[in-house]
Every structure is written in structure tokens, then in C-alpha cells.
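The values are calculated or read from the model by the stated rules, or taken from the named source; none is laboratory data. The model shown is predicted, which means the values in this text are computed figures rather than measured ones. Positions of Cβ are generated from backbone atoms using ideal geometry, with glycine treated the same way; all protein chains shown enter the neighbour counts. Accessible surface is based on the protein model in full, side chains and every heavy atom, while ligands, DNA and RNA are left aside. Shrake-Rupley method; radii C 1.70, N 1.55, O 1.52, S 1.80 Å.
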Amino acid sequence: HRSFGAGVCGFFASHGAVCLSASCRLTNSGDGVAGCIQDAWAVLRWTRANAGRLNINPSRVVVAGDSAGGLLATSLGTGLRVGAGVAASEELPAAVIGNWPVTTLGSRSYVPTRTAEGAWEATGAGDDFPVESAFVPSEYGDSAERTQARLRQVLAGRFLLFGRRLGGLLPQPIYPSDDAASVSPLWFASRPKLPPMLLLTGGADQVVPCDQTTRFAEAARGA
């Protein structure tokens, strides 16, 4: 809800910035997170179209978000547009601020693991996570397969991130065949000419793993 941004907006406004806090449709609308991303782009377009009315420079719009809102902010920052192709560099915001942002919704990439050689591996067994996940109780943590299946169940079922099957009339949740890559900013982070991004994360975060943010940041730096 847009009221969540009141504190941050108030702080920046007190320092001379013009701040807008916008709502987006809920994932249970039937469109899932794809609808939320579309709403975020609509807000950015509206802000630029009304730059004169707001007395702002349309080329200096910064976007920010926390957690799921961070997914929307990093979607804008990487040009992720669902069903409309990747946005051109000139359409991206001037900068992005993401507080513990979700950058991937894939069961194989949600809790990445770094190997001794420095590469990133897919989500492993929950029992081996360096920090316990709020989404994977211990009874699902004995293998990578069960852990990933649990993540799919939570992301698609509890949060309805990928829409509702037949408007919710059937219980089986929808899970995308691409492991949610099409709605995950992580897989767009390696494009060139990204805007500056400030990403904040916590090493003990049980909802959005710190390593998820680290992997995104490394991909963006390497672009």
C-alpha cells in the first residue's frame, strides 16, 4: 500500500525531493506479480508524463522499494517488462534503491549457494542453508528437491505470484515452466547500461536471502 512509503518519502521531501508513493494491484487479482510489474511501469510513465505539473526533471526519476517492492524497483531498473519486451536504456529510471529486494522468484534461484570456486549453485537442501528460511520448515529441508518443491508451493500457492488457475476454482497453483525467470529481475541484471543501484540486505534475513541480493549485485556489476 502507498502509505508504507510515508516515512521514507517524508524524509526525502524534507530534504527537497519530490516523492510519490504508489499502490499496485495485489497478486490475488489473478494477474500475479506480472500485474504488479505492469503497474510499476505505469507509475513511472505517469510520473514522467506529468513532470511539468510536478516541477521535476523527467530524466532524474529514482525508484525505490522494500522486499516485494524491491522486486518492482529492480524490475524497472533492469527493464523487465512482462509480455512487452525489455525496455530500452532511455526508459529506465535514473537510479534504484532496493531494501532487501526480492530479485528472483525461481525455486532454483531463490536461495543460491556459492561454491568454493565462487560460482553460484541452485537452491540446495533447506537443512544446509546458512540462515533458516521462513518458507522452508525443517520437514521439507532434507533434500534440494523437496526444498525447491516447497518454495514453488509457497510462491505459487500461498502468495499467488503467478496468478490463479481458473480464477481460483481449482486448487492446483500455477508455476511457470521457466522457473519464474520471466518475472525475475535477476535474469535481466547482466544487461549493459544499468542505472546506479543501492541495494541493502541483511545477513540474517529469513525471507529474502542475503545471497540472493549478492548474486544480483554481482550480475549487475559484471554487465
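Using a 1.4 angstrom probe, figure out how much accessible area the stretch 1-134 has per residue, in square angstrom, rounded to the nearest whole.
51
Let me check I've understood the local charge: for L92, count other residues with C-beta under 14 angstrom from its C-beta, Lys and Arg +1, Asp and Glu -1. What total comes out?
Combined, the nearby Lys, Arg, Asp and Glu give +4.
Can you sort E145, E117 by 1.4 Å-probe accessible area, starting with the largest?
The ranking, largest first, comes out as E117, E145.
Could you calculate the FRET efficiency of E145 with A204 from 1/(1 + (r/R0)^6), where r is the beta carbon distance between them and R0 is 25 Å, rounded to 0.05?
0.45
Comparing T104, T213, T113, which has the greatest mean-square fluctuation in the GNM of the chain with Cα pairs linked when under 10 Å apart?
T113
Provide the solvent-accessible area of I97, counting protein heavy atoms only and rolling a 1.4 Å probe, rounded to the nearest 10 Å².
Accessible area of I97: about 50 Å².
For S89, project a label point 7 Å along Cα to C-beta. Then give me every residue of the stretch 171-214 with its amide nitrogen under 15 Å of that point.
190-196
Taking the simple approach of a point 7 Å from Cα along Cα-to-Cβ for both A122 and S190, what is their distance in nm?
Between A122 and S190, the simple spin-label model gives 1.7 nm.
Could you put D39, D142 in order of accessible surface area, largest first, with the 1.4 Å probe and the full protein assembly present?
These residues rank, largest area first, as D142, D39.
On the full set of protein chains, 1.4 Å probe, figure out the accessible area of T47 and give it in Å² to the nearest 10.
10
Percent of accessible area on the chain owned by carbon and sulfur, 1.4 Å probe?
Solvent-exposed carbon and sulfur of the chain make up 55 percent of the total.
For the stretch 109-203, what does the alpha-carbon gyration tensor say about shape, rounded, prolate or oblate, given a ≥ b ≥ c as the root eigenvalues, a/c under 1.5 as rounded, and a/b over b/c as prolate?
oblate
Would you mind calculating the gained length between H15 and W46 on full extension (0.36 nm times residue separation, minus the Cα-Cα distance), in nm to one decimal?
Value of the extension gain: 8.8 nm.
Counting only helical runs of four or more DSSP H residues, what would the 222 nm mean residue ellipticity of the chain come to if each run contributes -39,500 (n - 2.57) and the total is spread over all its residues?
-8500 deg cm²/dmol, from helical runs alone.
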